[in-house]
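To keep things clear, I will list the structure first and then write my remarks on it.
The values are calculated or read from the model by the stated rules, or taken from the named source; none is laboratory data. None of the values given here were measured: they were computed from a predicted structure. Cβ coordinates were reconstructed from backbone atoms using ideal geometry, including for glycine residues, and neighbour counts include every protein chain displayed.
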Amino acid sequence: MKWARGIENQRKADLGNGTFLNPILAGDHPDPSILKDGDDYYMTFSSFESVPGIHIWHSKDLVNWQPVVAALTKNIGSVWAPELCKHDGRYFVYIPARFPDYRSSYVIWADRIEGPWSEPVDLKLPAHIDPGHIVGEDGKRYLFLSGGDMVELTDDGMATVGEIKHVYDPWHYPENWIVESFSPEGPKVMRHGEYFYMITAVGGTSGPPTGHMVIVARSKSIHGPWEDDPANPIVRTASGAEKWWSRGHATLVEGPAGDWWMVYHGYENAYWTLGRQALLDPIEWTADGWFRAKGGDLATPLAKPAGGEAVPHGMALSDDFSTDKFGLQWSFYAPEGDEKSRLRRENGTLHMRAKGTAPSSCSPLTFVQGDQAYEITCEIEVDPGVTAGLIMFYDRELYAGVGFDKGRFVTHQYGIERGRPANPFGTKMHLRMTNAYNVLFFDSSADGVTWRRFDRHMEVSGYNQNVRNGFMMLRPGIYSAGNGEARFRNFTFRAL
C-alpha cells in the first residue's frame, strides 16, 4: 500500500476531503497526553531512552500536528506516560522515569510552551507511574497515579503533600478475556458538569492484541467514591483481525467546535515495530452523563473535527544538515551528560565523534517515523579506527543494519555483529537502507549513482516489545563507533 505523502515525508491523517484516517501521528507516539489551550492543542508522549525527549506537538484541528520543542534535555531514565497540563498560566509536564537502579516521577515547567523548560525536579514517587494532574473541588492540585492511588501537590505543583492515598479499585474485566495482565495505569482525570471522570487503562499495554482497553469511573469528589461505567470497557480491540491492536491509555479533549474526542494509542496490525501510534476517536455524551466512543475499530475514514484550521503536518525527515534538527527529529539513545558535544554541523556535513565499539555502546542517533515502507540514503565518511553506518535500533540488545570501516563492512543482526565482508570503497561511500514492510535490504555505492546490493537481507518484524520488552519502536538512525569521527552528508528519507 502506498501512503499519501508530501514534503513532510511521513504519513498524514488528513485526507483532504473533510475526513481523516487514523493514526493522527504515525509511528511511536505512545501514552498521549493532550492539552487544550484556548484555540490551540498541545500533545506529548512517552519518549523512553531517547534524549532529548518529551516532544511537544501543536495542532489547531486535532488532526494535523507540528513539532514544537523537546522539553526534556536531561537523561532521567526511561520516560513513561508523561502528563502535560497548564495551571495559573504556567505549563507543566509530570514525568515518570526509571533507571535500572532508581525510579521516580519528576516535574518540569515553562512559562511558554516553546520553552525554555526547567530542569527536572524529583517528586520522590518511586512506587508509581503515569501521573495524571487535576484540580479538585477544594481548589487543590493532585496527581492520580497507577493502581488507583492519588497524592496532593503543593500549590506551585513542584512537590507532593502528605501521604499517597488509595481512592479507587479499578473495574476488572471477566476472567476469561485474553489479556496480558490487569495493570491498571494511565489515569486521566477531568471535570465535566457535576462529575470528575477518571479514564484508566487496564489489560496490559502489549501482549495479546485484545488486552489493552479503556475503562471509566466518575465521582462528584476526587476523593471518591468512584462509580464504574456500566458499559466498561468503552474501548477494546475485540479481535486480532482488526486494524488497530491494544487500544488504550485515553484522554478526553473538547474539539474546536465543542464536540468531544478521545486520544489514545494502539499498535497497527502486524506492525509492532512501529510502536504505539496516536489515534483519535469521536465520542458523544449520553443523557445519563457517561460518554461513548463512536469511531468503531478506527479502520475507516472518519469525519474531521468541526472548526479549527490545519497547520502543516509533520516535518521533513530528510536532513541536509544545514540546520539543527537535534531534538525535534534526532535524539540519542540513553546518552551521557555531554553527548551533544559529539555532534558538529559544518557546510552541510554532520560530524559525529565516535563512541563505544558497536551500536550497543555508542548511543546511536535515531528518530521516529511512521511508514510501513521507506528508503534511507546517506553519504558516510569515516576516519581510520571508526565504524559507522545505517541502523534500525530497538535497544542495546536488539538492532539491525550495516556499517563499515576503511577495510570491511559489518553486518548488524539480532543485536550482534555477524559478518565482515571486504569493503571495496574504502573510507567513504553512499549507503542505502530499505525497509520494505519489515524486510531490510541494503545497497552501497561509490558515487550514489551505481549501486551494489549487499548480500545480507533481514526480516525484522520480531524486533518489538513482545519479544524484547521496553515498549519502544524499531527506530531508523545513524551511528559512529570506535576512535575518531564519522561524517554524514545528504541524509534522505523517502516513503515508498
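For (1) outside any loop (DSSP other than H, G, I, E, B); (2) surrounded by fewer than 20 Cβ atoms within 10 Å (Cβ to Cβ); (3) touching a Phe, Trp or Tyr at 6+ places or on another chain (Cβ under 8 Å), each residue gets a yes or a no:
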position	(1), (2), (3)
Gly401	yes, no, yes
Gly426	no, yes, no
Gly448	no, yes, no
Met472	no, no, yes
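Condition check: in the same structural domain as Ala373 (by TED's automatic domain parsing), out of contact with any strand residue (DSSP E or B) (no Cβ under 7 Å at 6 or more places or on another chain) and either in a loop (DSSP other than H, G, I, E, B) or more than 30 Å from Asp31 (Cβ to Cβ) (or both). Does Asp455 satisfy that? Taking the combined requirement at face value, the residue satisfies it. If you check Gly462 against the conditions, is it surrounded by fewer than 16 Cβ atoms within 10 Å (Cβ to Cβ), more than 22 Å from Ser47 (Cβ to Cβ) and over 25 Å from the mean Cα position of the chain (by Cα)? No, not satisfied. Yes or no: the range 257-279 includes at least one residue that is part of a loop (DSSP other than H, G, I, E, B), under 24 Å from the mean Cα position of the chain (by Cα) and surrounded by 19 or more Cβ atoms within 10 Å (Cβ to Cβ). Checking the range 257-279: not a single residue is part of a loop (DSSP other than H, G, I, E, B), under 24 Å from the mean Cα position of the chain (by Cα) and surrounded by 19 or more Cβ atoms within 10 Å (Cβ to Cβ). For the condition at pLDDT below 95 and not β-branched (Val, Ile, Thr), Asp320 does not qualify. Of all residues in the range 359-375, none satisfies the criterion of being β-branched (Val, Ile, Thr) and surrounded by fewer than 22 Cβ atoms within 10 Å (Cβ to Cβ).
Only one of the numbered conditions (1) at pLDDT 95 or above; (2) over 26 Å from Ser78 (Cβ atoms) is violated by Asp455, and that is (1). What do you reckon, is Tyr394 in the same structural domain as Glu417 (by TED's automatic domain parsing), touching a helix residue (DSSP H, G or I) at 6+ places or on another chain (Cβ under 8 Å) and surrounded by 18 or more Cβ atoms within 10 Å (Cβ to Cβ)? Answer is yes for this residue.
Meeting the requirement of 2 or more residues that are closer than 25 Å to Met262 by Cα and among the small types (Gly, Ala, Ser), the strands (runs of 3 or more DSSP E) wholly within the range 63-126 are 66-72. Only residues in the range 339-365 that are assigned by TED's automatic domain parsing to the domain that holds Asp383 and on the phi > 0 side of the Ramachandran plot count as the first member; pair them with residues that are acidic (Asp, Glu) and not in a helix (DSSP H, G or I), Cβ under 9 angstrom, at least 6 apart or cross-chain, and list the lot. These pairs meet every condition: Gly348/Asp320; Ser363/Glu336.
Rundown of residues vs (1) of a type in the set (Ser, Thr, Tyr); (2) farther than 30 Å from Tyr267 by Cβ; (3) in contact with a Ser or Thr (Cβ under 9 Å, 6 or more places away or on another chain), yes/no style:
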{"position": "Gly426", "(1), (2), (3)": "no, yes, no"}
{"position": "Thr434", "(1), (2), (3)": "yes, no, no"}
{"position": "Val449", "(1), (2), (3)": "no, yes, no"}
{"position": "Tyr463", "(1), (2), (3)": "yes, no, yes"}
